[in-house]
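Here is the structure we will look at.
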Amino acid sequence: MSNNPRGFGTCHWLREAFLAVPREHFVPERVWWPARDAEGLYPLCDRRERPNAWLKAVYAPGAPLITQLDDGAVPPTGRAEGAFTSSISSAGVIIELLRHLAPEPGDRVLEIGTGTGYTTALLTHRAGADAVVTVEIDAALAERARDRLAALDLHPLVLAGDGERGYPAGAPYDRIVATASVRRIPPAWLEQLRPGGVLVAPLDSPFGHDLLVRLVGDGRGGARGRALERVEFMRVRGQRAPVPYEELGWPTEADPDHWQTLDIVVAPGRQRIFPATTPQPAA
Ligand SMILES: C[S@@+](CC[C@H](N)C(=O)[O-])C[C@H]1O[C@@H](n2cnc3c(N)ncnc32)[C@H](O)[C@@H]1O
């Protein structure tokens, strides 16, 4: 992890949002724990069978809970095997995402990857329902998230669709946050970010983990910034297939110990990641 202070720190609005939004409201009754058991399967945590264990799992700060395997092909009826395709992100990682995003009240915010709607609720608590748009590729998940949010009288715009395209009708955004990782920053996100606006997203890296990056937009489809944290997220659906890292703008010999000093520069049609000592090209 980086040397950045972790947790709420002096971020009072975030602490207040966490206290105001009940996390358990967004967690389905049956979820998978993200570590394999002795037989290599993900154990099911069922609220009706073990309510205390379920609640403990919900509030375990470092663990996401898996709400979908293999795009919904695996029913939540028992321990199982499969690729993680939706979750409620861990509290710890959401704190990092939102602390670095730093939305202000009234900021226009676009979220990609609604999942359960929990992060959306925190964003709505901060920015206001009129200011938040969230896009989820799985229509059933989007509908469930919309219902859960409405039950708390939170009414952001919840859309079913491919978040890689953003939502141009709501642009320009002051803040864009993705809770699914990308190999390549989708051009639409930077086209829809206002000049000086902030994008926080997990970016795949050649180091065996994602990097949480914070980029500042130039309003012309470009942006630049740094990696802030090592994280692990599920990939956006359209970018699951591996791509050689050189084609994604990574240096051929990127040093895994120096990820914090990489500059990330995105221009329309191209992204580049390079050691910060190299003079920066214009975005
Ligand atoms: C880690 S989960 C989000 C968790 C959410 N932050 C929460 O706490 O509930 C990632 C979500 O991104 C969604 N997703 C994947 N590709 C997407 C895309 N292209 N557009 C929108 N959502 C996408 C997945 O279906 C999944 O629900």
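Quick notes on this structure:
- Residue-by-residue Karplus 3J(HN,Hα) for the stretch 226-238, coefficients 6.51, -1.76, 1.60, Hz, glycine and proline x: 10, 8, 10, 8, 8, 9, 9, 10, 7, 7, 4, 4, x
- Inter-probe distance in nm under a simple model that places probes 7 Å from Cα toward Cβ, at L19 and A129: 2.4
- Database remark: amide H of V213 closer than 5 angstrom to the amide H of A201, L203, L228 (H placed geometrically; neighbours at sequence offset of 5 or more, or on other chains; Pro and chain starts carry no H).
- In this structure, D255 and V216 have a Cβ-Cβ separation that, at R0 = 25 Å, corresponds to a calculated FRET efficiency of about 0.55.
- Using a cutoff of 8 angstrom between alpha carbon atoms and counting only pairs six or more residues apart, the relative contact order for the chain works out to 12 percent.
- Estimated 222 nm signal from helices in the chain, with DSSP H stretches of n ≥ 4 weighted -39500 (n - 2.57), rounded to 500: -5500 deg cm²/dmol
- In this label model, D37 and R237 are separated by 3.0 nm, measuring between points 7 Å along each Cα→Cβ vector.
- With Rh defined as the Kirkwood radius, the inverse of the mean 1/r over Cα pairs, the Rg/Rh of the chain is 0.96.
- Listed residues I273, F18, A140: farthest to the positive end of the dipole of the chain (Cβ charges): F18
- Note that the stretch 30-89 shows a convex hull volume over its alpha carbon atoms of 77 Å³ per residue.
- Subtracting the Cα-Cα distance of A139 and L55 from 0.36 nm times their residue separation leaves 27.6 nm of extension gain.
- Karplus-derived 3J(HN,Hα), 6.51/-1.76/1.60, for each residue of the stretch 101-111, Hz, glycine and proline x: 5, 6, x, 9, x, x, 4, 6, 10, 10, 10
- Shown in residue order for the stretch 118-131 are the 3J(HN,Hα) couplings computed by the Karplus curve 6.51 cos²θ - 1.76 cosθ + 1.60 at θ = phi - 60°: 5, 4, 4, 4, 5, 5, 5, 4, 7, 8, x, 4, 5, 9 Hz (x for Gly and Pro).
Every number here is computed from the coordinates shown, using simple stated rules; none is lab data. The structure presented is a predicted model; accordingly, all values stated were derived computationally and were not measured. No Cβ is skipped: glycine too gets one built from the backbone with ideal geometry, and neighbour counts run over all protein chains shown.
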